[in-house]
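Each remark here refers to the structure printed beneath this line.
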Amino acid sequence: MHPDLLDPAHIPLSLYIHIPWCVKKCPYCDFNSHALPNQAPFDSYVEALLSDALSQHSLVSNRQIDTVFIGGGTPSLLPIESFARLFDGLRLIYHFSPDCEVTLEANPGALEHSPFDEYLKIGINRLSIGVQSFDHSALKVLGRIHNPDQASNAIRAARAAGFDRVNADLMYGLPNQDPLKAVNDIQAAIDAGATHLSWYQLTIEPNTAFYRTPPHLPDEEVMAQIETLGRDVLTKHGFSNYEVSAWCGPNDAPCRHNLNYWQFGDYLAIGAGAHGKLTFKNHPNHQDGIYRYQKSRLPKDYLSFEDAPKMINFERIADENLPFEFMMNALRLKDGVGADLFETRTGLLISTIDNELLPLQHQGLMVSDPLRIAPTPLGFRYVNHLVSQFI
């Protein structure tokens, strides 16, 4: 590593906030989410989040936060008063940029706590609504607690309240789904007013109900038809595919928070099971380099700890693993990243990856441009293969 290449002051900094509760656990979900208890400890959880945030202040000094993402779980279960308390406290701890992007994940079946305009007043300016499908039967199989009308109404209500940026999460390749149903989901989201889509394939993950009892999924031929038709519909409506599963509408912009992940930026993490990444140079307590960490996973454990003990597995990424870590993120972007970003975000010279990069360029899987690290259109179809070459 060449520490002179690293300058944390010039690396964007984000904040991820995890709210771990859901009304119930969906059969496909492997996220750190837990059924909401009868007496939800919202007040004590907010105080734990603020204590967690304060304990990390010394790690970032005076760096400003450019984006915030509130994920879960189902963050919209948190009452509006709790959100107000949380953000009042966070603004006393951290410096937020004037144009800070603040995204809240919300589920259509868990939006009863507050009208959307109350979120705007707090400073939340982007929503990501977990629709997954507008098909009755698909929602039932997926274990979702909302119906198609609630999903459409949630998007429309958010836009009517003043949200200019509303993402809809949609899954395809659902049990017994055909191409028409998949395309209808896309069209319904656009008709309701979604300005951005996260459109991704259902995958069966370990430690889920679907893994223990696998549903019948579409075969490869049907999946190919779904992907082709879906892309055609999205393109027809002016949506651009800037990341593997992200589509930006003509009147929106890419999600800056997620872009910071893909561009190997830094991010603080607060909340049960949250993961963070930070870059250090000349820090009094840490060797120069890039570190990952996570928080206690179970809500009860997270609530029982005070300050620093919430943080576990705070580890420096070995220099030899940085190319893989970087490419695992950057190659998800259709246009890739500037070659200089590899050096300023890893502290390694670009020549470090010549042995991996040049063969992929010769095979037509990555662009032959000394100023850019990016997949070709063919390579973008085989991102996992590209990433595997840098292990």
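The values are calculated or read from the model by the stated rules, or taken from the named source; none is laboratory data. Owing to the predicted nature of the structure, the values given are computational and were not obtained by experimental measurement. For neighbour counting, all protein chains shown are included, and Cβ atoms are generated from backbone atoms with ideal geometry for every residue, glycine included. Keep in mind that these areas ignore ligands, DNA and RNA; they rest on the heavy atoms of the full protein, side chains included. Shrake-Rupley method; radii C 1.70, N 1.55, O 1.52, S 1.80 Å.
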Nitroxide proxy distance, nm - points 7 Å out along Cα→Cβ at S44 and I145
2.1
Students often check this: by mean Cβ neighbours within 10 Å, which of 351-358, 129-136, 253-260, 206-213 ranks highest, and how do the rest follow?
129-136, 253-260, 351-358, 206-213
Please report, as a whole percent, how much of the solvent-accessible surface of region 286-361 comes from carbon and sulfur atoms (probe radius 1.4 Å).
50
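Shape verdict for region 200-294, please, from the Cα gyration tensor: rounded (a/c under 1.5), prolate (a/b greater than b/c) or oblate.
Oblate, because a/c is 1.5 or more while a/b does not exceed b/c.
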One finds, for Y382 and L358 with R0 = 22 angstrom and r their Cβ-Cβ distance, a FRET efficiency to the nearest 0.05 of 0.80
V68 long-range amide H proximity, modeled H, under 5 Å
L15, E101, V102, T103
Report the label-to-label distance for I80 and R212 in nanometres (one decimal), using points 7 Å from each Cα along the Cα→Cβ vector.
3.9
Report, to the nearest whole %, how much of the accessible area of region 181-225 belongs to carbon and sulfur atoms, 1.4 Å probe, protein only.
50
Restrict the search to region 272-330; then list the GluC sites (Glu not before Pro) that DSSP places in a loop and that have at most 15 other Cβ atoms within 10 Å of their Cβ.
E306
What number comes out for the charge environment of T195, summing +1 per Lys or Arg and -1 per Asp or Glu over other residues with Cβ under 15 Å away?
0
Given the pairs K24/K140; K25/K334; K140/K295; K121/K300; K121/K310, which are separated by over 22 angstrom at their Cα positions?
K25/K334; K140/K295; K121/K300; K121/K310
Computed FRET value (nearest 0.05) for S240 with Q287, which takes r as the C-beta separation and R₀ as 35 Å
0.30
Taking H as built 1.01 Å from N, whose amide H comes closer than 5 Å to the amide H of Y242, not counting residues under 5 places away?
C248
Considering only DSSP states other than H, G, I, E and B, which chymotrypsin sites (Phe, Trp or Tyr not before Pro) in region 332-391 qualify as loop sites with at most 16 other Cβ atoms within 10 Å?
Y382
Quick test of your reading: applying the under-4.7 Å Cβ rule, which cysteines of the chain are isolated?
C22, C100, C248, C255
Could you check the spin-label model distance between V233 and K25? Points 7 Å from the Cα along Cα→Cβ, value in nm.
3.2
Report the convex hull volume per residue for region 77-128, counting only C-alpha atoms, in Å³.
73
Find the relative contact order for region 18-122 and round it to a whole percent, using C-alpha pairs within less than 8 Å whose residues are 6+ positions apart.
34
Ignoring ligands, DNA and RNA, what percent of the accessible area of region 234-283 is carbon or sulfur (1.4 Å)?
51
Would you kindly calculate the mean projected area, averaged across all directions, of the convex hull enclosing the Cα atoms of the chain, in square nanometres?
18.9
For a Förster distance of 35 Å, can you work out the FRET efficiency between the beta-carbons of A224 and S351, rounded to the nearest 0.05?
0.35
Sum -39500 (n - 2.57) across every DSSP H segment of at least 4 residues in the chain, then divide by the residue count to get the 222 nm mean residue ellipticity, nearest 500.
-10500 deg cm²/dmol
Using Cα centres only, tell me the gap between region 314-391 and region 228-276 in whole Å.
19
Surface accessible to a 1.4 Å probe, per residue, for the residues of the chain, Å²:
44
Cα extents of region 139-297 per principal axis, largest first, Å, are 58, 42, 29
